[in-house]
1. Give the residues of segment 36-56 that are touching a residue at least 12 places away in the same chain (Cβ under 8 Å) and not in a loop (DSSP other than H, G, I, E, B), sorted by residue number.
2. Does residue 73 qualify as being modelled with pLDDT under 75 and either closer than 25 Å to residue 21 by Cα or surrounded by 11 or more Cβ atoms within 10 Å (Cβ to Cβ) (or both)?
3. Hey, residue 5 hits all of (1) at pLDDT 55 or above; (2) surrounded by 11 or more Cβ atoms within 10 Å (Cβ to Cβ) but one; which does it fall short on?
4. Go through 33, 55 for me and flag whichever is at pLDDT 90 or above and closer than 27 Å to residue 9 by Cα.
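The values are calculated or read from the model by the stated rules, or taken from the named source; none is laboratory data. Just so we're clear, the structure is a prediction, and the values are computed from it rather than from any experiment. Note that we place each Cβ from the backbone using ideal geometry, even for glycine, and neighbour counts take in every protein chain shown.
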Amino acid sequence: MKEIFKDSNDYNEKTIIGFLSFAVMVITAGADIVTGILGKDLVVNEFVYMSFVYITLGSLSVAGVEKFAGGSSSKGGSSKGSGKGKGKGSGKGSPGPSGPSGPSGPSGPSGK
C-alpha cells in the first residue's frame, strides 16, 4: 500500500481518485433508492454531489487523454516530442512540402 505514494509506481492515481469518487456517487444513488423505497427522503446537498461529479469527470478524462494521447511525464516520457518536427523552427530553412516550394508550389505539379 505504501508504494502508491512513491513517485514511480505502477498505479495511475488519477484513475484511483476518479473510481473512488464514482463509487461515492453510486453509493449515494443506492442509498437514495433504498430510502425512497422505505418512504423517507434522503437529502443530498447538490453542491456536494456536483463536486463528486466534477472530480470524477476531471480525473477520469485526464487519465483517458493521457492513455490515448501518448503517455504521462511521470513514466519518463515527454509529451513535447523530440523537437524534430516539420513546423516552425525545424532548422531546415524551408516550410516543408505543404509550403510554396512543395510538390504543387509556384510552378505547379508539372515542374516547369
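1. Scanning segment 36-56 gives 49, 52, 53, 55, 56.
2. Numbers: modelled with pLDDT under 75: yes; either closer than 25 Å to residue 21 by Cα or surrounded by 11 or more Cβ atoms within 10 Å (Cβ to Cβ) (or both): yes.
Yes, satisfied.
3. Result: residue 5 fails condition (2) only.
4. Numbers: 33 fails: closer than 27 Å to residue 9 by Cα.
After applying the criteria, what remains is 55.
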